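These notes are about the structure you will find just below.
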Amino acid sequence: MTHEEMSPEEAAKKCIIDSGVQVAKMWGISDAGGALRGSLTLADGPMSMDELAEETGYSKSTVSTNMTFLENQGVVRRVRKPGDKRNYYVAMQNIDEAFKAENKKIRQMMHIHLAAIDEAESILEYVERSEEIERLCHRFNSMREECAKARKLIDLVRPFTMDELIEIMDRETEAKSEEKRGNRERTKQARDDLAG
């Protein structure tokens, strides 16, 4: 069905759901995952799996599989309604929520990598050194440094909201621009002094 064949409300909703599908594809998520995320984004409140299946036309098993995946990715959150045993879902609408969930995931990934590096190094600790073992040890050190940078960044941004981070970055960007302008002006002045 084309936009012209739909009511304006349905055509507008379809734009958002289609964008959800496109973004999902970019992240390696199924079309169904994108459509479900889009539907939740537009919903007035939490939606049950039955409601999501009805809204999107996907089977309950497809909805269930994709909602579990989206929840694990931190894209949606499972909620309960008092007196109702069913699971309901809401999209992470607040960028701060999504940002914090993503940061938590990155921190967990770094923990897994660091534990693997520790284990790999302990395996190689008492074996005779070879060129390959030296290469691996060097690589492990590089990996540890990159994990440390990621954890440091997560720790630095954790206490701030997105608005606060944007404000800080705007201030720092402006300060760097001022510094560059000052450097250019000093260089120009030095050239002028030498020429004059």
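Data table
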read-out	value
Arg86 being of a type outside the set (S, T, N, Q), without any contact (Cβ under 8 Å) to a residue 60 or more places away in the chain and under 28 Å from Arg151 (Cα atoms)	no
Glu125 vs. criteria surrounded by fewer than 10 Cβ atoms within 10 Å (Cβ to Cβ) and either within 27 Å of Glu71 (Cβ to Cβ) or not polar (S, T, N, Q) (or both)	yes
Residue among Val90, Val21 that alone is among the β-branched types (Val, Ile, Thr) and in a helix (DSSP H, G or I)	Val21
Single residue of the stretch 1-29 satisfying the filter (surrounded by fewer than 17 Cβ atoms within 10 Å (Cβ to Cβ) and closer than 17 Å to Thr68 by Cβ) that is modelled with the lowest pLDDT	Trp27
The listed residue being surrounded by 15 or more Cβ atoms within 10 Å (Cβ to Cβ), among the hydroxyl-bearing types (Ser, Thr, Tyr) and out of contact with any helix residue (DSSP H, G or I) (no Cβ under 8 Å at 6 or more places or on another chain), out of Ser64, Ser48	Ser48
Condition check for Glu167: among the charged types (D, E, K, R), more than 27 Å from the chain's Cα centre (by Cα) and either modelled with pLDDT of 95 or more or assigned to a helix (DSSP H, G or I) (or both)	no
Residue check for Thr161: surrounded by 10 or more Cβ atoms within 10 Å (Cβ to Cβ), out of contact with any helix residue (DSSP H, G or I) (no Cβ under 7 Å at 6 or more places or on another chain) and of a type in the set (Ser, Thr, Tyr)	no
Some residue of the stretch 112-128 being among the polar types (S, T, N, Q) and part of a helix (DSSP H, G or I)	yes
Residue among Leu136, Leu153 that is hydrophobic (A, V, I, L, M, F, W, C), under 22 Å from Gly74 (Cβ atoms) and free of Cβ contacts under 8 Å to residues at least 40 places away in the same chain	Leu153
Verdict on Met110 being within 22 Å of the chain's Cα centre (by Cα), surrounded by 15 or more Cβ atoms within 10 Å (Cβ to Cβ) and in the same structural domain as Ala24 (by TED's automatic domain parsing)	no
Residue that is touching a Leu at 6+ places or on another chain (Cβ under 9 Å), modelled with pLDDT of 90 or more and either among the charged types (D, E, K, R) or closer than 24 Å to Ile106 by Cα (or both), where the choices are Val79, Val90	Val90
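The values are calculated or read from the model by the stated rules, or taken from the named source; none is laboratory data. This structure is a prediction, so every number in the text was calculated from the model and none was measured. As a convention, Cβ positions derive from the backbone with ideal geometry for all residues, glycine included, and neighbour counts pool all protein chains shown.
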